[in-house]
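Q: The structure follows.
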């Protein structure tokens, strides 16, 4: 992990936050709101200037941003350009625009990558029509490495069960992950190496700290060549890719509720930067894919109906639209303040966990 890649990761995170705040800003300006300030980062201002009624600033700590509207947390007054004097539908669009911009950015970058990057053509099992899985990497000192599993080994079976399926309900990679997850602490993995099959016994795969089995491998599908998507194929595959991310995110959250939260399940800014820097060191294209995931996650996270998040504010606006009048501003302010305090507390805990993880 070099300083250059760390700085690149920080810049990408800052850009994702900038794009989020730009959504609020652009929609507010378009609908006639008075925007008092637009800042990137938080803490002391490094550079600031005023243009028209808006003060723009670049602040010392890059992990944050704000778009400040006139009268945002106050009762509506006669000035029609103040935030709470605007109709509910306008305020709803302004709040929604931030998360929407992150989701849109994720889709646009995914579409560009799908359109421009060569796409592997995978080897297909003739009986099932499924992609044939193989071992991409083996982590040093992992259970797989100790047992003698090597990169490029083609996976035939786990404890005699093939990861290939005769239906489309689950792909071979997911099936392989499921077989490993449900295995005992010792399993037999059958691989094909140099044209011959080999049974390898792997023991000690249960990781008590993570609360799950871990072989220490990454899985891919055997490729026979590459091709390029057409515009239509890139458009469809970009949507499908984002759908897969959302599906895996929901499954991950559900797994945390079911199995509990372990160190490494949740990462904050420090963990994200560390992962991005490591990925950048291996492949800049993979770093772009990580940026897509982060942009989509930032947009979806902000839609959670929790106080202080955009989703919480959208919920208050929906209630206002239903009952025909705003909630008590003081009560709303207290609820948002409590939510913000809880979020900061979570950020502190996650950051400490991330820092501890860096030294393990």
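The values are calculated or read from the model by the stated rules, or taken from the named source; none is laboratory data. All values derive from a computational prediction rather than experimental measurement. Neighbour counts are summed over all protein chains in view; Cβ atoms, including those assigned to glycine, are modelled from backbone coordinates with ideal geometry.
Q: Is it the case that the stretch 212-221 has a residue that's modelled with pLDDT under 85, more than 21 Å from residue 147 (Cβ to Cβ), assigned to a strand (DSSP E or B) and under 31 Å from the mean Cα position of the chain (by Cα)?
A: yes
Q: What are the pairs with Cβ atoms under 9 angstrom where one residue, in the stretch 195-219, is without any contact (Cβ under 8 Å) to a residue 24 or more places away in the chain and the other, located anywhere, is exposed (fewer than 11 other Cβ atoms within 10 Å of the Cβ) and part of a loop (DSSP other than H, G, I, E, B)? Sequence gap at least six, or different chains.
A: 206/184
Q: Another question, then. Residue 188 passes all but one of (1) within 25 Å of the chain's Cα centre (by Cα); (2) not in a loop (DSSP other than H, G, I, E, B); which number fails?
A: The one condition residue 188 does not meet is (1).
Q: So, in the stretch 71-83, exactly how many residues are under 19 Å from residue 330 (Cα atoms) and either free of Cβ contacts under 8 Å to residues at least 12 places away in the same chain or within 32 Å of the chain's Cα centre (by Cα) (or both)?
A: The qualifying residues number 4.
Q: Would you mention how many residues in the stretch 111-151 are within 29 Å of residue 230 (Cα to Cα) and either in contact (Cβ under 8 Å) with a residue 60 or more places away in the chain or in contact with a helix residue (DSSP H, G or I) (Cβ under 9 Å, 6 or more places away or on another chain) (or both)?
A: 21
Q: On to the next question. Scanning for something modelled with pLDDT under 90, closer than 22 Å to residue 128 by Cα, touching a strand residue (DSSP E or B) at 6+ places or on another chain (Cβ under 6 Å) and in a strand (DSSP E or B), does the stretch 158-181 turn up at least one residue?
A: Checking the stretch 158-181: at least one residue is modelled with pLDDT under 90, closer than 22 Å to residue 128 by Cα, touching a strand residue (DSSP E or B) at 6+ places or on another chain (Cβ under 6 Å) and in a strand (DSSP E or B).
Q: Here's a follow-up. Restricting to the stretch 76-129, and then to whatever is touching a strand residue (DSSP E or B) at 6+ places or on another chain (Cβ under 7 Å) and more than 30 Å from residue 323 (Cα to Cα), can you tell me which residue is modelled with the highest pLDDT?
A: Taking the candidates together, the pick is 118.
Q: Could you check, for the stretch 42-54, whether at least one of its residues is surrounded by 19 or more Cβ atoms within 10 Å (Cβ to Cβ) and more than 25 Å from the chain's Cα centre (by Cα)?
A: no
Q: Just a yes or no: is a residue in the stretch 89-107 part of a strand (DSSP E or B) and either within 25 Å of the chain's Cα centre (by Cα) or surrounded by 15 or more Cβ atoms within 10 Å (Cβ to Cβ) (or both)?
A: Within the stretch 89-107, none of the residues are part of a strand (DSSP E or B) and either within 25 Å of the chain's Cα centre (by Cα) or surrounded by 15 or more Cβ atoms within 10 Å (Cβ to Cβ) (or both).
Q: Does residue 74 qualify as being in contact with a helix residue (DSSP H, G or I) (Cβ under 7 Å, 6 or more places away or on another chain), surrounded by 12 or more Cβ atoms within 10 Å (Cβ to Cβ) and in the same structural domain as residue 17 (by TED's automatic domain parsing)?
A: yes
Q: Here is a further query. For the stretch 20-31, indicate whether the set of residues that are assigned to a loop (DSSP other than H, G, I, E, B) and under 23 Å from residue 324 (Cβ atoms) is non-empty.
A: Looking for residues that are assigned to a loop (DSSP other than H, G, I, E, B) and under 23 Å from residue 324 (Cβ atoms), one finds at least one in the stretch 20-31, hence yes.
Matching residues to (1) under 20 Å from residue 85 (Cα atoms); (2) modelled with pLDDT of 80 or more; (3) not in a helix (DSSP H, G or I):
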| residue | (1), (2), (3) |
| --- | --- |
| 317 | yes, yes, no |
| 322 | yes, yes, no |
| 333 | yes, no, no |
| 340 | no, no, no |
| 344 | no, no, no |
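Q: I would also like to ask the following. May I ask you to list pairs of residues, at least six apart or on different chains, whose Cβ atoms are under 6 Å apart, with the first in the stretch 320-335 being more than 16 Å from residue 72 (Cβ to Cβ) and the second being at pLDDT 85 or above?
A: The qualifying pairs are 321/88.
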